[in-house]
Amino acid sequence: MIPRVILGIETSCDETAAAIVIDGKPVADRTTTQVLHEEFGGVVPELASRAHERLLMPAVEGVLRDAKLQVGDIDGIAVTYGPGLAGALLVGVAFAKGLGLAKGIPVWGVNHIEGHLWSGGLTSETPPLPFLALIISGGHTLLIEVEGFGKYRKVGTTRDDAVGELFDKAGRMIGFSFPAGARIDAAALAFTGEPVAFPRTRIECEPNNFSFSGLKTAVLYHLQRTYKRGEDGAFNLTEEQRNAICAGLMSAVGGTLAAAVRSALSQRDYRALVVAGGVSASRYLRRVFTEVTDDAGILLIIPPFQHCTDNGSMIAYAGYLRILNGFPPSDLKLSVDPAASLFSAAPLG
Ligand code: KG4
Ligand code: ZN
């Protein structure tokens, strides 16, 4: 019998998340973003682990309450084993294994990227195969050819920074707190004037690949050339000037992503483009991808906003798909893998 009620656990970075998915549909979801990292301008691994320890149990109890279920109703546990911060992943995996052992519930390890990749299926139809997936998050920028569950080929990646990383670093330079992606997105959309012109890096002979570190430097040079720093070291910018930078940044990122996606789409007859990961919450970029898929005449699937950034539902759902596709549980042999790859290792289980 296929396990129906799956508890999903996600603790790979700074979101402590648990969720219940029944028959592949989201039923309850609790995600706490650890705001304590804001003042450091980035995630502090040790603080993240300690916060996960504090927040995970209430999250699991909360989703069980929301779904009106008891622990005994859970048929399977899906937990992120990597990639991510080692200590943070350990909290989730140890919790999942402990609960599984105590209550006799099988545990499946889930790759975080695989969670993002299929997250659109939580609320819309499973994309037609083969499809091209663009994963854009704080740690990854990947173009993946997908032939089926577990059948992935890397067709593009970033040579340096991830898109979300660029947003978070550039955001810091213009005075936004961490993480900055959503604020840059909103500022870019609010701006109606002439955006600051930033270069779009294309890597010669590698049309599917990206590079974003030059853009980060370009933002810094623009700030140094144009504005004075105040006593606190921050650049003196008006809201209008900040918005013009955000609009320029979004335009350059959108152009770079669109060019690589168009290039990958031209290499094979894909039936859909799936965009997922935290940065896919960007309204600005959603417009860009709509234009690309309209031109190509293929379907565009982007998860609803609450399933773009890290969440437990996507992990529960990827676990459910693992089960449907015949992968045995990982159980006690499951360990964390901070550098887990979607491509090299044999699928876990
Ligand atoms: O997938 P995610 O939650 O965590 C990782 O796996 O990295 O992605 C987080 C990233 C951050 O860099 C954040 O700035 C960015 O997603 N982000 C956004 C938006 N919401 C979150 N970027 C652009 N527009 C948004 N609305
Ligand atoms: Zn993520």
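The values are calculated or read from the model by the stated rules, or taken from the named source; none is laboratory data. Just so we're clear, the structure is a prediction, and the values are computed from it rather than from any experiment. Positions of Cβ are backbone-derived with ideal geometry, glycine not excepted, and every protein chain shown enters the neighbour counts. Note: areas computed on protein heavy atoms with side chains; ligands, DNA, RNA excluded. Shrake-Rupley method; radii C 1.70, N 1.55, O 1.52, S 1.80 Å.
Things to note:
For every residue, the table says whether it meets (1) within 13 Å of ligand 2 (Cβ to nearest atom); (2) touching a helix residue (DSSP H, G or I) at 6+ places or on another chain (Cβ under 7 Å); (3) free of Cβ contacts under 8 Å to residues at least 40 places away in the same chain.
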position: ALA102; (1), (2), (3): no, no, yes
position: GLY115; (1), (2), (3): yes, yes, no
position: SER119; (1), (2), (3): yes, yes, no
position: LEU122; (1), (2), (3): no, yes, no
position: PRO130; (1), (2), (3): no, no, no
position: LEU134; (1), (2), (3): no, yes, no
position: HIS140; (1), (2), (3): yes, yes, no
position: VAL155; (1), (2), (3): no, yes, no
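- Pairs meeting the criteria (first residue in the range 1-29 and closer than 13 Å to VAL79 by Cα and in contact (Cβ under 8 Å) with a residue 24 or more places away in the chain, second residue more than 16 Å from ligand 1 (Cβ to nearest atom) and basic (Lys, Arg), beta carbons under 9 Å, at least 6 apart or on different chains) are THR16/ARG54.
- Residue satisfying all of: in the range 125-168; within 16 Å of ligand 1 (Cβ to nearest atom) and hydroxyl-bearing (Ser, Thr, Tyr); surrounded by the most Cβ atoms within 10 Å (Cβ to Cβ) among these: THR141
This table checks each residue for (1) away from ligand 1 (no atom under 16 Å from the Cβ); (2) surrounded by 22 or more Cβ atoms within 10 Å (Cβ to Cβ); (3) over 15 Å from LEU334 (Cβ atoms).
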position	(1), (2), (3)
GLY8	no, yes, no
ASP29	no, yes, yes
GLU38	no, no, yes
LEU85	no, yes, yes
LYS103	yes, no, yes
GLY115	no, yes, yes
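- Selection count where residues are in contact (Cβ under 8 Å) with a residue 40 or more places away in the chain and touching a Phe, Trp or Tyr at 6+ places or on another chain (Cβ under 9 Å), scope the range 40-75: 7
- Comparison of ALA234, ALA258, ALA218, ALA276 shows that the only residue that is hydrophobic (A, V, I, L, M, F, W, C), closer than 25 Å to LEU129 by Cα, in contact (Cβ under 8 Å) with a residue 12 or more places away in the chain and surrounded by fewer than 22 Cβ atoms within 10 Å (Cβ to Cβ) is ALA258.
- Within the range 196-215, the only residue that satisfies the criterion of being closer than 21 Å to ARG242 by Cβ, open to solvent by less than 20 Å² (accessible area, probe 1.4 Å) and among the aromatic types (Phe, Trp, Tyr) is PHE212.
For (1) without any contact (Cβ under 8 Å) to a residue 12 or more places away in the chain; (2) within 16 Å of ligand 2 (Cβ to nearest atom); (3) among the β-branched types (Val, Ile, Thr); (4) surrounded by 13 or more Cβ atoms within 10 Å (Cβ to Cβ), each residue gets a yes or a no:
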{"position": "GLN306", "(1), (2), (3), (4)": "no, yes, no, yes"}
{"position": "THR309", "(1), (2), (3), (4)": "no, yes, yes, yes"}
{"position": "GLY312", "(1), (2), (3), (4)": "no, yes, no, yes"}
{"position": "LEU321", "(1), (2), (3), (4)": "no, no, no, yes"}
{"position": "LEU332", "(1), (2), (3), (4)": "no, no, no, no"}
{"position": "VAL336", "(1), (2), (3), (4)": "no, yes, yes, yes"}
{"position": "ALA340", "(1), (2), (3), (4)": "no, yes, no, yes"}
{"position": "PHE343", "(1), (2), (3), (4)": "no, no, no, no"}
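- Count of residues meeting criterion [open to solvent by less than 20 Å² (accessible area, probe 1.4 Å) and touching a Lys or Arg at 6+ places or on another chain (Cβ under 9 Å)] in the range 55-79: 9
- Conditions (1) of a type in the set (Ser, Thr, Tyr); (2) open to solvent by 50 Å² or more (accessible area, probe 1.4 Å); (3) in contact with a Pro (Cβ under 8 Å, 6 or more places away or on another chain): number failed by TYR270: (2)
- Selection from the range 22-49 of residues that are in contact with a Gly (Cβ under 9 Å, 6 or more places away or on another chain) and either part of a helix (DSSP H, G or I) or closer than 16 Å to GLY92 by Cβ (or both): ASP29, ARG30, THR31, VAL43, PRO45, GLU46, ALA48, SER49
- The range 279-290, residues that are buried (at least 18 other Cβ atoms within 10 Å of the Cβ) and either assigned to a strand (DSSP E or B) or touching an Asp or Glu at 6+ places or on another chain (Cβ under 8 Å) (or both): ALA281, SER282, TYR284, LEU285
- Residues that are under 22 Å from SER335 (Cβ atoms) and of a type in the set (Asp, Glu), drawn from the range 53-83: GLU53
- For GLY193, the test of being in the same structural domain as ASP161 (by TED's automatic domain parsing), modelled with pLDDT of 95 or more and open to solvent by less than 20 Å² (accessible area, probe 1.4 Å) is failed.
- Per the listing ALA252, ALA234, the residue uniquely at pLDDT 95 or above and of a type outside the set (S, T, N, Q) is ALA252.
- For the range 313-341, the set of residues classified as touching a helix residue (DSSP H, G or I) at 6+ places or on another chain (Cβ under 6 Å), of a type in the set (Ser, Thr, Tyr) and more than 19 Å from GLY148 (Cα to Cα) consists of SER313 only.
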